[in-house]
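Some notes on the structure that comes next.
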Amino acid sequence: MRINKIYSLSFLLLVLLISCNENSNKKESTNVVSVDSLLLIRYHKLLDFPVDSVAFPRSYNTKTKEVFKVASSDWTSGFYPGNLWQLYKLTGDEAFKTKAKAWTAFMEKEKTNGGTHDMGFKMYCSYGEGYEVNGIEKYKEVLLESATTLATRYNEKVGSLRSWDFNKDIWEFPVIIDNMMNLELLFEATKISGDSTFHKIAVQHANTTLKNHFREDNSSVHVVVYDTISGQVKDKVTHQGFNDNSAWARGQAWGIYGFTMCYRYTKNVLYLEQAEKSAAFYLNHDNLPEDGIPYWDFNDPKIPNVVKDVSAATITASALVELSSYTNDTSYLDYADKVLNILKSEEYILSSEIEAPFILDHSTGNWPKKDEMDEPIVYGDYYFLELILRSEKI
Ligand code: GLY
């Protein structure tokens, strides 16, 4: 309650300060407000976005000045409700909780959508975040049904969950490094139901990924394609990276986060070792810029004249806060602090004048398709808020 009052008062003072300043000199309005105040303004832009069951905000095109909206079936739909839940946790402001509940309810129909491996991103980031806040029985039921649906994508012979269903003529059974992130839903499903089936599938998927996704230098391949008859690897390719042999920055981030999270649930030291080796690849790479925000792919030959990916930085930094709690390596928290400090600057926070429900600029979605290049993207914000919350807990 107290936090809520202080928070509301600061926001009120902030609005007064800005409106006075905007009247006198609109152009310089962001210069007189502190970065923390600028963040508060951005947080409130998430509340202003109109509630619409079929229009989840995914990204903002800074050139056309349009918010790109998607249906609940899109892999990114759960992040916006997740951002609202996290903002509630961060500020204590009930307005965020009210909106989070409304948007989360629009996700429910996805619990039976077996056409996607992105169930964890969609349902754990929305219902999972909400369940942590509310403990509502209904949320638990939705999470369990979602995990049951996700488990239908498991192939015993391959020992993995199938990632994508498109490109079936080229990829018999594709598994992407990103899929590690969906295991959290399965681990939690076992925790809340006592049914070990989910946990076992998650462990087998992680083991298969550990065996086949990493190169000698501990960078990860994006897509591993399997033969469903023999269970053997048929191909190793990329879909969102520079080429088949490159280290796509967000892919490296998913791997670090995924194996750190798997260690949390299993205490399998092999997962911890992989998380550390992948983190070392990322942190010691010659092409990681001084400010810690990676270019979209570590191997783009045009570096430094290429776009960066803030989402890769926020995912990695959040993962490294957790990883630091399992080891004595101080470089993990150093990186997380550096990223947090650099992102809390006018270079990365969206201008207060932009009417869009996002916080940070400069993420890159899909470089090969030239799609969502150097833009605010909803999952960049999700892991940024998680990074703040995790850092505050230390
Ligand atoms: N899972 C898709 C991505 O990271 O772009």
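The values are calculated or read from the model by the stated rules, or taken from the named source; none is laboratory data. Please read these numbers as outputs of a predicted model, since none were measured by experiment. FYI the Cβ positions are ideal-geometry reconstructions off the backbone, even for glycines, and counts take in every protein chain you see. With ligands, DNA and RNA removed, areas are computed over all heavy atoms of the protein, side chains included. Shrake-Rupley method; radii C 1.70, N 1.55, O 1.52, S 1.80 Å.
So here's what we get for this one:
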{"read-out": "Rounded accessible area of S53 (nearest 10 Å², 1.4 Å probe)", "value": "50 Å²"}
{"read-out": "Per residue convex hull volume, Cα atoms of the chain, in Å³", "value": "139 Å³"}
{"read-out": "FRET E, pair D244, T327, Förster distance 51 Å, beta-carbon r, rounded to 0.05", "value": "0.95"}
{"read-out": "Segment 242-266 residues near the modelled D235 label - backbone nitrogen below 17 Å, point 7 Å along Cα→Cβ", "value": "242-246"}
{"read-out": "Computed accessible area, H362, all protein chains, 1.4 angstrom probe, square angstrom", "value": "50 Å²"}
{"read-out": "Antiparallel DSSP beta bridges within the chain, as percent of all bridges there, nearest 5", "value": "100 percent"}
{"read-out": "Pairs beyond 21 Å (Cα-Cα), from K89/K111; K45/K370; K140/K191; K168/K369; K200/K393; K69/K393", "value": "K89/K111; K45/K370; K200/K393; K69/K393"}
{"read-out": "Cut-off 11 Å between beta-carbons: net charge of the residues surrounding Y124, Lys and Arg +1, Asp and Glu -1", "value": "-4"}
{"read-out": "Rounded to whole Å, sorted largest first: equivalent-ellipsoid semi-axes of segment 154-209, Cα gyration tensor", "value": "23, 11, 9"}
{"read-out": "Candidates F298, F49, F173, ranked by Gaussian network fluctuation over the chain, Cα under 10 Å, top entry", "value": "F49"}
{"read-out": "Where segment 28-108 is the region considered: accessible area per residue in Å², 1.4 Å probe", "value": "39 Å²"}
{"read-out": "Relative packing of 104-110, 141-147, 225-231, which averages over residues the other C-beta atoms within 10 Å, highest first", "value": "141-147, 104-110, 225-231"}
{"read-out": "Listed residues S34, S246 arranged by accessible area, highest first, probe 1.4 Å", "value": "S34, S246"}
{"read-out": "Tensor-based shape of segment 115-262 (alpha-carbon gyration tensor, a/c under 1.5 rounded, otherwise prolate or oblate)", "value": "prolate"}
{"read-out": "Gyration tensor verdict on segment 289-394 (Cα atoms; rounded if a/c is under 1.5, prolate if a/b is larger than b/c, oblate otherwise)", "value": "oblate"}
{"read-out": "Sum of -39500 (n - 2.57) over DSSP H runs of 4+, divided by residues of the chain (222 nm, nearest 500)", "value": "-15500 deg cm²/dmol"}
{"read-out": "Of all accessible heavy-atom area on segment 81-131, the percent that carbon and sulfur account for (1.4 Å)", "value": "52 percent"}
{"read-out": "Positive-pole candidate from S345, Y382, F242, dipole of the chain, charges at beta carbon", "value": "Y382"}
{"read-out": "Gap separating the Cα centres of segment 108-176 and segment 203-279, nearest whole Å", "value": "19 Å"}
{"read-out": "Pairwise label distance in nanometres, D286 with R264, each label 7 Å out on the Cα-Cβ vector", "value": "3.5 nm"}
{"read-out": "Carbon + sulfur, % of accessible area of segment 188-236 - ligands and nucleic acids excluded, 1.4 Å", "value": "47 percent"}
{"read-out": "At R0 = 56 Å, FRET efficiency that the Cβ-Cβ distance of E346 and Q204 yields, to 0.05", "value": "0.75"}
{"read-out": "Dipole magnitude of the chain, debye to nearest 20 (Cβ charges: Lys/Arg +1, Asp/Glu -1, about Cα centre)", "value": "720 debye"}
{"read-out": "Carbon plus sulfur fraction of accessible area for segment 255-394, probe 1.4 Å, in percent", "value": "48 percent"}
{"read-out": "Three-way shape label, segment 222-351, alpha-carbon gyration tensor, a/c 1.5", "value": "oblate"}
